[in-house]
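A short write-up of the structure that comes next.
The values are calculated or read from the model by the stated rules, or taken from the named source; none is laboratory data. Since we're looking at a predicted model, the values are computed, not measured. Quick reminder, even Gly has a Cβ in these numbers, built from the backbone with ideal geometry, and neighbours come from all protein chains shown. All accessible areas refer to the heavy atoms of the entire protein, side chains included, with ligands and DNA or RNA removed. Shrake-Rupley method; radii C 1.70, N 1.55, O 1.52, S 1.80 Å.
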Amino acid sequence: MNVLLDNFAAFREGFWGTVELTGLSTLLALVLGTLIAAFRVSPVPALRIFGATWVTLLRNTPLVLLFLVVTLGLPALGLKGWDSFWLAVMALGCYTSAFICEAVRSGINTVPVGQAEAARSVGMTFTQTLGNVVLPQAVRTAIPPIGSLIIALAKNSAIASGFNVVELGSVMKTLNSAAGYNIYVIFFWIALCYLIITFAVSGLFRLLEHKLAVPR
Amino acid sequence: MSEVDVTKDSAPGGDDLVVLENVNKHFGALHVLQDIDLTIARGEVVVVIGPSGSGKSTLCRTINRLETVDSGTIRIDGEPLPAEGRELARLRADVGMVFQSFNLFAHKTVLENVTLGQIKVRKAAKAKAEEKARQLLDRVGVGSQADKYPAQLSGGQQQRVAIARALAMDPKVMLFDEPTSALDPEMINEVLEVMQQLARDGMTMVVVTHEMGFARSAANRVLFMADGRIVEQARPDQFFTAPKSDRAKDFLSKILHH
């Protein structure tokens, strides 16, 4: 019969699992990524080194490996009691933060130096300059690449299915192994679910882009 | 006895607002500021002129430490410029800066440009800051543009907003780094008039410019720089009618006769 109707509850659970995983990881990635980008342009050398190391490490680690490090390594280091969902959020969020950082930093680099000089000249501190003058202008350029990164994040979240997290990927695995359904039909519905999420992300970012557009 | 030390320290700096001592700076191999000694008194208007590449813009930018120096000391109102950080930010708030390319905050309205520093740095209430901003914008003649974005204004209007933005911090001294060099000719005067008025009101000003007319009429002192050195300084009437150095004579002959 119809895979979707027969297993609607499972699909729904998987869909919301992916949405939650993507949403929370995005939040973590945006906060961390912006913070690390601030580190990378800060006048403090130690922060710059930390930022560069963070990006280099996370950007060059395969995501599956990072999942292994987080799900096996962190509990071994004494971080116990986190369920697999939150560990997945951590892995996805940290991984994507490295890319977000670079997108934000490229946005920062498009803001003319004079803007920061003017802000410093009226007496703003580094943090005030970044927060009130540079980042708001940097975001406009960084929004499109960040949108792509969030979409990539949504699809990357499927890796969590290998680590005991209920999301679309795990639903697909379960259904594939349950006999009687056409595997291509399962793929189709799963793909459609992802499409709903990624289209929503694109739409949201297009909206943001319009909202932040300012004459210059 | 400690009082004696205090007076000894503050006596020479009594009315000296900006003091540069033995300032040196390099850009790579280029020695852009060479042993600069300069004292600017409170209320004085100093105009810095000279050929391009002479270091005059750099000199201006070292005064609020937008450019760091390699050696020497810079003091503003008796306080040496601190290293980057909160202290420097506090001191910069007292030093207004006007740039060649205006550098108005592109994502803020004209009004917000003038209130931002007051609110974030001086911690002024929003209503108070806006009231003051509107007064200043009226004073520089762009009050009716308050709700526009910088890109919607002409160059001359933008520069006057930039002056208002600097004035909103109640600076002790104003630095002008070629404020009219990026302007169309018909807009230069509207900016110069604002600066003239400022000079008449007693503002301490350091003005890097190519506007000799302004130097003649508004300056208390003209500083002629070439190759990273202050070659000559004199009252404007003296400097323009009887420059002493050959370098200044050569410069003036090139810009004044055609």
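The charge dipole of chain B, taken about the Cα centre with unit charges on the Cβ atoms of Lys, Arg (+1) and Asp, Glu (-1), comes to about 580 debye, rounded to the nearest 20.
On average, how many beta carbons from a partner chain sit within 10 Å of the beta carbon of a residue in B:197-209? Numbers along the way, then the final one.
Working: counts 0, 0, 0, 0, 0, 0, 0, 0, 0, 0, 0, 0, 0.
Per residue, the average neighbour count from other chains is 0.
Have a look at the DSSP beta bridges in the protein assembly as shown and tell me what percent are antiparallel, nearest 5. Antiparallel: roughly 55 percent of the beta bridges in the protein assembly as shown. Around A:T174, under 13 Å between beta carbons, what's the net of Lys plus Arg minus Asp minus Glu among the other residues? Computed value for this residue: -2.
Label sites at B:R86 and A:L72, each approximated as a point 7 angstrom past Cα along Cα to Cβ, lie 4.6 nm apart.
For the protein assembly as shown, the solvent-accessible area with a 1.4 angstrom probe is 47 square angstrom per residue. Within the set of other residues whose C-beta is less than 10 Å from the C-beta of B:V173, count the net charge using Lys and Arg as +1 and Asp and Glu as -1. Neighbourhood net charge equals -1. List the accessible area buried at the contact between B and A, summed over both sides and calculated with a 1.4 Å probe, in Å² to the nearest 100. That pair hides around 2000 Å² of surface in total.
Residue-wise HN-Hα couplings along the range A:26-32, as the Karplus relation 6.51 cos²θ - 1.76 cosθ + 1.60 with θ = phi - 60° gives them from phi, are 4, 4, 4, 5, 5, 5, 5 Hz; Gly and Pro carry x. Across chain B, the mean sequence separation of Cα contacts (distance under 8 Å, 6 or more residues apart), normalised by length, yields a relative contact order of 25 percent.
Here chain B has 48 percent of its accessible surface on carbon and sulfur atoms, given a 1.4 Å probe and all protein chains in place. Compute the Cα gyration tensor for chain A, then decide on rounded, prolate or oblate, letting a ≥ b ≥ c be the square roots of its eigenvalues: rounded whenever a/c is under 1.5, prolate when a/b is larger than b/c in the other cases, and oblate in all that remain. Note, shape of chain A comes out oblate. Here the dipole of the range A:2-212 is about 480 debye; that uses its Cα centre as origin and unit charges on the Cβ of Lys and Arg (positive) and Asp and Glu (negative). Find which of A:P144, A:V201, A:L168 sits farthest along the positive direction of the dipole of the range A:2-212, computed with +1 on the beta-carbon of Lys and Arg, -1 on that of Asp and Glu, about the Cα centre. It is A:P144, whose Cα lies furthest towards the positive end. Using θ = phi - 60° and the Karplus relation 6.51 cos²θ - 1.76 cosθ + 1.60, list the HN-Hα couplings for the range B:159-164 in order, rounded to whole Hz, with x at every Gly or Pro. Taking θ as phi minus 60°, the curve returns 5, 5, 4, 4, 5, 4 Hz for the range B:159-164. For trypsin sites (Lys or Arg not before Pro), the sites in the range B:163-258 that DSSP calls loop and that have at most 14 other Cβ atoms within 10 Å are B:K244. Per-residue 3J(HN,Hα) values for the range A:190-203, derived from phi via the Karplus relation 6.51 cos²θ - 1.76 cosθ + 1.60 with θ = phi - 60°, read 5, 4, 4, 4, 4, 4, 4, 5, 5, 5, 4, 4, 4, x Hz in sequence order (x marks Gly and Pro). Of the solvent-accessible surface of the range A:92-216, computed with a 1.4 Å probe and all protein chains present, 68% belongs to carbon and sulfur. Overall, the protein assembly as shown carries a charge dipole of about 820 debye about its Cα centre when +1 sits on the Cβ of Lys and Arg and -1 on the Cβ of Asp and Glu, all other atoms neutral. The antiparallel fraction among DSSP beta bridges confined to chain B stands at about 55%.
Take every pair of alpha-carbon atoms less than 8 Å apart whose residues are at least six positions apart; their mean separation over the length of chain A yields a relative contact order of 28 percent. Near the amide H of B:T204, within less than 5 Å, lie the amide hydrogens of B:G43, B:M174, all on another chain or at least 5 residues away, with H placed in the peptide plane. Comparing Cα centroids, the range B:63-121 and the range A:107-180 end up 32 angstrom apart. Take the Cα of A:K80, step 7 Å toward its Cβ, do the same at B:S253, and the gap between the two points is 9.0 nm.
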